1. Given (1) touching a Pro at 6+ places or on another chain (Cβ under 8 Å); (2) more than 23 Å from residue B:173 (Cβ to Cβ); (3) among the charged types (D, E, K, R), identify the lone condition not met by residue B:142.
2. Of the numbered conditions (1) more than 30 Å from residue A:80 (Cα to Cα); (2) buried (at least 23 other Cβ atoms within 10 Å of the Cβ), residue B:92 fails exactly one; give the number of that condition.
3. In the set A:97, A:118, A:113, A:153, which member is out of contact with any helix residue (DSSP H, G or I) (no Cβ under 8 Å at 6 or more places or on another chain) and either closer than 30 Å to residue B:213 by Cα or open to solvent by less than 30 Å² (accessible area, probe 1.4 Å) (or both)?
4. Only one residue in B:278, B:326 is over 22 Å from residue B:177 (Cα atoms) and surrounded by fewer than 24 Cβ atoms within 10 Å (Cβ to Cβ), so which one is that?
5. Name every residue in segment B:192-213 that is within 14 Å of residue B:262 (Cα to Cα) and of a type outside the set (Lys, Arg), in order of residue number.
6. When you scan segment A:294-309, do you find a residue that is within 12 Å of chain B (Cβ to nearest Cβ), among the aliphatic types (A, V, I, L, M) and open to solvent by 10 Å² or more (accessible area, probe 1.4 Å), even just one?
7. Which residue pairs have Cβ atoms closer than 7 Å, lie 6 or more positions apart in sequence or on different chains, and pair a first residue in segment A:68-85 that is of a type in the set (Val, Ile, Thr) with a second residue that is in a loop (DSSP other than H, G, I, E, B)?
2 protein chains.
Amino acid sequence: MSRMLEEIRQQPERLERTLRNELKRVERFKRIIGKRRPALVVLVARGTSDNAALFGRYLLEITTRIPVSLAAPSIYTLYNTRVNFHEALVVAISQSGESTDTNLILQEARQQGALTVGITNEASSSLARLAQQVFLVHAGKEKSVAATKTYTGQVLILYLLAYALGARIRPDDLARLPDRAALALRLEPEIAALSERFRFMDHCVVMGRGLNYANAFEFALKLMETCYVVAERFSSADFLHGPIALVEPSFPVFVFAPSGVTWTPVREAIQKLKSLKAETVVITDSSNMPAAEIGTRVIRLPQRLPELYTPIPYIIPAQILAAYLAAQKGLNPDLPRTLTKVTLTL
Amino acid sequence: MSRMLEEIRQQPERLERTLRNELKRVERFKRIIGKRRPALVVLVARGTSDNAALFGRYLLEITTRIPVSLAAPSIYTLYNTRVNFHEALVVAISQSGESTDTNLILQEARQQGALTVGITNEASSSLARLAQQVFLVHAGKEKSVAATKTYTGQVLILYLLAYALGARIRPDDLARLPDRAALALRLEPEIAALSERFRFMDHCVVMGRGLNYANAFEFALKLMETCYVVAERFSSADFLHGPIALVEPSFPVFVFAPSGVTWTPVREAIQKLKSLKAETVVITDSSNMPAAEIGTRVIRLPQRLPELYTPIPYIIPAQILAAYLAAQKGLNPDLPRTLTKVTLTL
């Protein structure tokens, strides 16, 4: 078994551990930040952590109404610009806590007197030392180069951050996420069988919307890293604004399709794809039966999920599919060619 | 000749016209905004206009130090969230001025009392009526579905906006852009010949960094829309954080490579690609001779450009390449399958 698959399976237990260990710290932070609500949140990250940040962008704006900006590292590291952080809460996310560019921006924010938060899997990392407030992802050592359990751990911490910033998110609801992740894991045999279908797929599109937009990026990244599939990622709206011209019969499109506010436009996009005879693989749950009817293939979680809490359970079948597809293609998902675990960039 | 190519060729004259007609309005706006400097700029757009917005994000942060957020429309249109715009300058960009989602966000911003700016090619559009301050792209009617002259027009207006917000950009320097665009157009015969090489290319990566990151998105969009090439777009740093695993011998990567602060990391990425035997097509100018030495193929503008003013001249050879490649593939770039000129999304 690959380490990637092993780590995918650890997720329910690691999510539970993260929640148990960090909740008190979050409650304390909630009391501090309540008196100093930021005018802006800046999220700083790279790679998979940047996909978690993209989720955080939607979650924080939707649940707290505070505007969010995803930092563009080169503005600091190459152009040496000191963007004005005076009114901002600056949140850096890094599995290793050793991303030089991410840490440099956090340092700049501290110097300007902004409040800084670090989210990392490594308690003794540079990031953990630099940030005023640290939240730890208790995922355990991540050995696979392809990140899985740290992504869901970071997403969980972002829910906690939203809670600290006043979002109507109840810690009791978050406490259900480990079980929801466990239910998603039960799909493994079904997905293992499905993976064979894509043995010779060399490109595809992954589509998501709103809170699941980041999952489209994350699934595409896993497909690129571990299966060497050229995987584009779009929101259903951006896709209709041009890239849909790509679609010819059999073109594969993976779609995150929860029930809730994003369903109407996502359904329209799936129907459009259907009329173009594209192959759609729809990831959904029991609360969205229409989705199960219109996909070429459907991955359906055996539970009814409120849209707000779909991102963690929904990425799990996608992670499993990437791990099995890599195996189908004769690749080792733990050792993608050209990559190492910690990437240093400026 | 395709309309797309015809409109590509119009760019020098239309840029000149836009500058001539809007400069006074910008000077007036500069006096107003000087007294009410925003804490945050929010850019709102879709499709090609969103690529111009991505350029604006880098330009405005680098030259004004004001933090910028690229709006995620679904947060407003689907989740009905009223993100707090009190301290923000909200800028909507739309060729037609009739994007329902973009206009809805602008309306929300006005209701909250934020200062609003509209950038559009259509003086009598809904956007032009909604925004308190309107800047017009004088590109003339855009008949090709694939936008070209409105993209460079929007980019020009964003320079003017940065100038109004206090950036050290001189209108005299902007006045040189039409000539610089004209010099870029001289590459047409060379690029027409080069396009044949990519006749059977079905996927690729486009890479840019900093001020040219948006050009990577825009070139990739043209390749998807008009040539049906699955074109991924990355910054050189993000590319090294995972997607580089895709690269096998002959994998095609197009790279925007100006001299200046982004050159060192971009050069490293090109060298890495070279070691993997990828095919690199480097877009650069006479001021960056090393770039001309390390690409498999090089498109070199016959002038020396300061990095700040590369985005408009650099996108022009890419537009030409997309138009000729579509023709090589037997496609009509003016009529991409499935698309219409105005896309309505929520």
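The values are calculated or read from the model by the stated rules, or taken from the named source; none is laboratory data. Source: prediction; values computed, not measured. Don't worry about glycine lacking a Cβ; one is built from the backbone with ideal geometry, like all the others, and counts go over all protein chains shown. Note: accessible area is taken over every heavy atom of the protein model, side chains too, but ligands, DNA and RNA are not part of it. Shrake-Rupley method; radii C 1.70, N 1.55, O 1.52, S 1.80 Å.
1. So residue B:142 meets the others, but not (1).
2. (1)
3. Every option except A:113 fails the conditions.
4. When all the criteria are applied, what remains is B:278.
5. Answer for segment B:192-213, where residues must be within 14 Å of residue B:262 (Cα to Cα) and of a type outside the set (Lys, Arg): B:207, B:208, B:210, B:211, B:212, B:213.
6. yes
7. Listed pairs, sorted by first residue: A:75/A:81; A:75/A:83; A:77/A:346; A:81/B:65; A:83/B:65; A:83/B:67.
Here is a yes/no grid of residues against (1) free of Cβ contacts under 8 Å to residues at least 12 places away in the same chain; (2) at negative phi; (3) not hydrophobic (A, V, I, L, M, F, W, C):
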site	(1), (2), (3)
A:242	yes, no, yes
A:261	no, yes, no
A:267	no, yes, yes
A:270	no, yes, no
A:301	no, yes, no
A:318	no, yes, no
A:332	no, yes, yes
